[in-house]
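J.: Quick one: the structure is below, and I'll ask about it shortly.
The values are calculated or read from the model by the stated rules, or taken from the named source; none is laboratory data. Note that this is a predicted model, so its numbers are computed, not measured. Cβ sites come from the backbone with ideal geometry, for glycine too, and all protein chains shown count toward neighbours.
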Amino acid sequence: MTVNSVLRKTILILALSALVKQATAQEAVAVTLAEVRSRIQQATSGFRDLRMDVEIAFADQKELAVIGRDYGRAYEFKNSQLVFKNPDKFKMTARAGLVNVTYIVTGDIKRVKAGLIKKTDDIGDEPHKKQNALDVGIVTGSLWQFFNVEGVRTETLNGVPCYVLTLSLANSPQKKQYIWVDTKDLKLLRREKREADGSLRVRYVYSNHRKVNGIWVPGEQRVFNGNGRLGGTSVYSNIRVNTGVSDNEFR
């Protein structure tokens with residue numbers, strides 16, 4: 001090999017290396033957590049509360065049990081009402097026969113009321129049991145309050161360009177969660193929870209979004225177990241955003 005050919009090869013390698021570095025730098029600038037966080041915060045800064053009716057359109061208790069032993073309980077109620085106040089107040093009410101059932105989570109406290117039965121639990125050390133805007137299908141700036149947001153990439157989901165964010169909880173950093181947020185409107189399209197070995201535990205798919213008082217809210221949620229089988233479908237209606245929910249709702 002001549003000196004000139006070695007020199008040309010070296011120049012080519014350096015040029016290719018520079019192009020790769022430039023492309024990587026451009027991608028990093030285009031998709032950074034700081035940028036995504038800023039966009040989400042700006043888009044949802046006015047979100048305060050949410051009310052909606054929930055109908056269980058489909059439920060397979062056998063497939064839901066694959067996700068967790070008691071996971072199917074929420075799907076036993078054909079109709080219920082949901083109230084959420086940002087960032088961490090959640091209330092679900094329903095009827096089981098003649099009994100009114102209420103499930104409330106406010107920060108570190110979970111309350112369950114069923115007729116004369118009342119139970120209160122401290123979930124301060126169990127962040128996976130706390131409720132946040134993701135649990136009602138909305139991505140807000142409070143995401144960084146509840147999760148370690150570890151990274152972001154771009155990916156196309158069913159033809160829709162998305163930010164894919166990697167999340168984890170403080171008490172189980174080895175168990176990752178992933179959310180797909182469309183890059184245009186910042187709608188939540190998919191959420192996955194995975195075990196420490198990377199296997200899928202549960203997948204939520206959100207669709208039929210509508211913009212209510214400036215906030216995109218899904219009209220339907222489908223939940224799939226780790227085997228990819230549909231466990232349940234929830235349909236949301238009568239959606240109201242920022243109606244002025246009082247803290248008294250959660251007592």
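J.: Any idea which of Ala59, Ala74 is buried (at least 18 other Cβ atoms within 10 Å of the Cβ), at pLDDT below 95 and more than 21 Å from Arg251 (Cβ to Cβ)?
T.: Ala74
J.: Can you list the strands (runs of 3 or more DSSP E) lying wholly within the stretch 69-131 that have 1 or more residues being β-branched (Val, Ile, Thr) and at positive phi?
T.: Of the strands (runs of 3 or more DSSP E) lying wholly inside the stretch 69-131, none has at least 1 residues that are β-branched (Val, Ile, Thr) and at positive phi.
J.: So in the stretch 132-176, with the set limited to residues that are at pLDDT below 95 and assigned to a loop (DSSP other than H, G, I, E, B), which one is farthest from Val212 (Cα to Cα)?
T.: This residue is Asn171.
J.: Among the residues of the stretch 142-157, is there at least one that is without any contact (Cβ under 8 Å) to a residue 12 or more places away in the chain and either of a type in the set (Asp, Glu) or surrounded by fewer than 16 Cβ atoms within 10 Å (Cβ to Cβ) (or both)?
T.: Yes, the conditions are met somewhere in the stretch 142-157.
J.: Let me ask something additional. Taking the stretch 111-137, which residues are in contact with a strand residue (DSSP E or B) (Cβ under 8 Å, 6 or more places away or on another chain) and either hydroxyl-bearing (Ser, Thr, Tyr) or farther than 30 Å from Leu98 by Cβ (or both)?
T.: Listed by number, the residues that qualify are Thr120, Asp122, Pro127, His128, Lys130, Ala133, Leu134, Gly137.
J.: Moving on. Just to be sure I understand, how many residues within the stretch 56-66 are touching a Lys or Arg at 6+ places or on another chain (Cβ under 7 Å) and either under 19 Å from Asn132 (Cβ atoms) or part of a strand (DSSP E or B) (or both)?
T.: 1
J.: Quick check on this structure: which one of Trp180, Trp216 is in contact with a Cys (Cβ under 9 Å, 6 or more places away or on another chain), aromatic (Phe, Trp, Tyr) and surrounded by 14 or more Cβ atoms within 10 Å (Cβ to Cβ)?
T.: On inspection, the qualifying residue turns out to be Trp180.
J.: Turning to a different aspect of this structure: Take Lys187 and tell me if it is within 21 Å of Glu155 (Cβ to Cβ) and basic (Lys, Arg).
T.: So Lys187 passes the test.
J.: Conditions first: (1) over 22 Å from Ser172 (Cα atoms); (2) of a type outside the set (A, V, I, L, M); (3) crowded, with 18+ Cβ neighbours inside 10 Å. Gly97 passes all but one, so which condition is the exception?
T.: For Gly97, the exception is condition (3).
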